[in-house]
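Below you will find the structure I want to go over with you.
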Amino acid sequence: MAGETKKKKGFHVDESELMCKKGCGFYSNPAWGGYCSKCYREVYHKARQAQIESDEMLARKLDQEEKKALEEQKHAQSAVPSKPFSKFEEKKRQRNNAKSKSVKTLFKKSPTSLPSKSASTDVSHSALERQLSTESEKAFNNFSEFLKFMNKPAATDIAKLCKGIVERIQKSTDLTIEEQSELVQDFYHSIEERMNTSPTFRNLTEEQCDKILDHIEKFIMTQLYSLLFCPPLTDDEQKDLAIQNRIRRLRWVSTEMLEALIDENNENVCKLIEQAETELIEMNSKRAPVDKLSCVVNCCKLVFKMLQVTKGAPASADDFLPVLIYTVLKANPPRLHSNVQYITRFANPQRIMKGEPGYYFTNLCCAITFIENLDAQSLAISQQDYEDYMAGKKVPPGSEESEPICDGLRLMYTNLTTLEELRFRQNRLLDDAKMLQREIKEWRESVTRQVEEELASKPVITTTSVLPVDISADLNQDHFALLPAPLKPEVVGSN
Ligand SMILES: [Zn+2]
């Protein structure tokens with residue numbers, strides 16, 4: 001039975017559960033409905049394409065009807081055709097404007113999205129400079145610095161493209177966040193294509209291309225951050241608050257309940273937990289998705305280290321997720337949902353679909369899903385206990401120390417525990433000593449008793465085989481006569 005409940009605990013995921021359900025070999029994400037970014041977009045594109053096609057069909061139908069009506073009108077009053085025709089033009093223009101929201105038309109170069117001035121190849125465009133915050137100024141300087149190391153035509157090309165996408169997004173305020181995400185993703189894709197095909201980038205290695213893509217992402221996303229992070233038309237902010245509250249109420253969840261195999265009493269593990277929490281919290285202060293992703297990677301590496309320190313051996317991927325869940329619960333990172341959404345929408349998909357960052361990011365998404373769905377059963381505790389803990393009516397036994405306390409107090413609690421243990425051991429030592437004393441006493445008594453018994457059962461009998469000697473008889477005068485004469489002192493060898 002106990003084994004069964006243990007199995008029900010879903011804190012371990014199979015590698016396969018992290019992968020895209022289409023089986024393409026990339027990592028999936030709940031936000032993409034279990035697909036990887038690539039497959040999700042294919043599915044999404046198909047649905048959108050169908051929508052666009054049906055829209056176009058409708059538009060064509062309307063067009064034909066209008067033309068028919070117009071011709072009829074023409075026949076009827078062949079005098080002044082200018083006025084109704086201008087009306088028709090007006091309608092057509094309106095419809096075109098409405099259609100411009102569709103993704104397809106966004107990629108046609110509209111005259112408004114790219115001003116004629118964009119022919120200027122310098123990055124330090126005044127329009128850009130106007131909206132620079134300190135943060136984006138830094139990114140801007142880094143980017144310019146980075147461009148200096150590239151050949152001139154390539155640098156010019158990249159600068160122009162980046163400026164174009166930033167301006168395009170800034171002007172596309174009527175788009176949904178998904179559409180904006182798609183614009184940015186398509187931009188990454190087009191840059192990649194360009195680097196693969198354009199002769200300007202021919203001499204670049206794959207590593208250099210990756211670096212360029214990272215720099216581009218940092219540059220454009222730092223500038224678009226305020227526009228695209230937690231946008232007002234989404235429910236991101238509500239979800240941030242919901243998850244934050246939930247984590248706060250789950251403060252009582254212990255490593256034992258999660259089967260997180262780390263030793264919290266180990267000083268080194270404690271330090272690693274704190275560092276990992278800091279990384280997660282710091283994620284919110286970064287602006288570029290690639291930098292936020294780095295925080296996730298750092299945090300996850302620290303989680304592996306905690307496991308290694310505890311076990312004294314390299315940790316398995318199986319042990320990883322419970323500890324990550326525990327770290328997220330302890331850190332309660334600000335705007336967690338928004339940050340994950342932002343990375344999902346605007347990071348270069350190549351980063352989150354594969355490799356180390358992809359693996360860790362997918363695990364973080366899993367951890368959040370677990371936290372959202374956590375219940376009594378998954379923690380193997382009774383429903384009543386779960387409700388009481390959630391309501392703050394009581395705390396699980398032995399969890400008082402997990403309350404938020406300062407380092408000094410934590411140290412004191414640890415020392416008290418150590419003292420308690422010492423006292424226990426001292427008492428045991430004392431008991432043992434007393435017992436030893438008693439045993440020695442008993443042993444001595446038993447030896448004495450045995451000797452006495454032996455003595456009592458076998459009394460000592462001394463046999464008198466020697467004849468009595470008359471000492472006074474020895475001192476007879478006759479005996480003296482037999483003795484030689486005593487030596488007399490005399491002088492020897494004197495001349
Ligand atoms: Zn896929």
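The values are calculated or read from the model by the stated rules, or taken from the named source; none is laboratory data. Computed from a predicted model, the values in this text were never measured in an experiment. Using ideal geometry, Cβ is built from the backbone for each residue, glycine included, and neighbour counts are taken over all protein chains shown.
Here is a list: Asp263, Asp214, Asp240. Which entry is of a type in the set (D, E, K, R), touching a residue at least 24 places away in the same chain (Cβ under 8 Å) and assigned to a loop (DSSP other than H, G, I, E, B)?
Testing whether each residue is of a type in the set (D, E, K, R), touching a residue at least 24 places away in the same chain (Cβ under 8 Å) and assigned to a loop (DSSP other than H, G, I, E, B) leaves just Asp263.
This table checks each residue for (1) hydroxyl-bearing (Ser, Thr, Tyr); (2) surrounded by 23 or more Cβ atoms within 10 Å (Cβ to Cβ); (3) modelled with pLDDT of 95 or more.
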residue	(1), (2), (3)
Thr310	yes, no, no
Leu324	no, yes, yes
Arg335	no, no, yes
Tyr342	yes, yes, yes
Lys354	no, no, no
Cys366	no, no, no
Phe370	no, no, no
Leu374	no, no, no
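Which residues, counting only those in the stretch 15-33, are closer than 17 Å to Ile352 by Cβ and more than 10 Å from the ligand (Cβ to nearest atom)?
Those that are closer than 17 Å to Ile352 by Cβ and more than 10 Å from the ligand (Cβ to nearest atom): Glu15, Glu17, Leu18, Asn29, Pro30, Ala31, Gly33.
Then there's this: Run Ala69 past the list (1) at pLDDT 50 or above; (2) in a loop (DSSP other than H, G, I, E, B); (3) of a type in the set (Gly, Ala, Ser) and report the number of the one that doesn't hold.
(2)
Can you find a residue in the stretch 184-191 that is aliphatic (A, V, I, L, M) and farther than 22 Å from Tyr40 by Cα?
Looking for residues that are aliphatic (A, V, I, L, M) and farther than 22 Å from Tyr40 by Cα, one finds none in the stretch 184-191, hence no.
Of these, Glu217, Glu179, Glu193, which one is surrounded by 20 or more Cβ atoms within 10 Å (Cβ to Cβ), of a type outside the set (Gly, Ala, Ser) and either in contact with a strand residue (DSSP E or B) (Cβ under 7 Å, 6 or more places away or on another chain) or not assigned by TED's automatic domain parsing to the domain that holds Lys292 (or both)?
Answer to the selection: Glu217.
Sticking with this structure for a sec: Residues to consider are Ile343, Ile325, Ile352; find the one that is among the aliphatic types (A, V, I, L, M), outside the structural domain of Ser37 (by TED's automatic domain parsing), within 16 Å of the ligand (Cβ to nearest atom) and assigned to a helix (DSSP H, G or I).
Result: Ile352 is the single residue among Ile343, Ile325, Ile352 that is among the aliphatic types (A, V, I, L, M), outside the structural domain of Ser37 (by TED's automatic domain parsing), within 16 Å of the ligand (Cβ to nearest atom) and assigned to a helix (DSSP H, G or I).
When only residues in the stretch 34-64 that are in contact (Cβ under 8 Å) with a residue 12 or more places away in the chain and of a type in the set (Gly, Ala, Ser) count, which is nearest to the ligand (Cβ to nearest atom)?
Looking at the filtered set, the residue picked out is Ser37.
What pairs come up if the first residue lies in the stretch 279-307 and is closer than 10 Å to Asn339 by Cβ, the second is of a type in the set (Ser, Thr, Tyr), and their beta carbons are under 8 Å apart, counting only those six or more places apart or on different chains?
Leu280/Thr327; Lys286/Ser294; Pro289/Tyr342; Lys292/Tyr342; Val296/Tyr360
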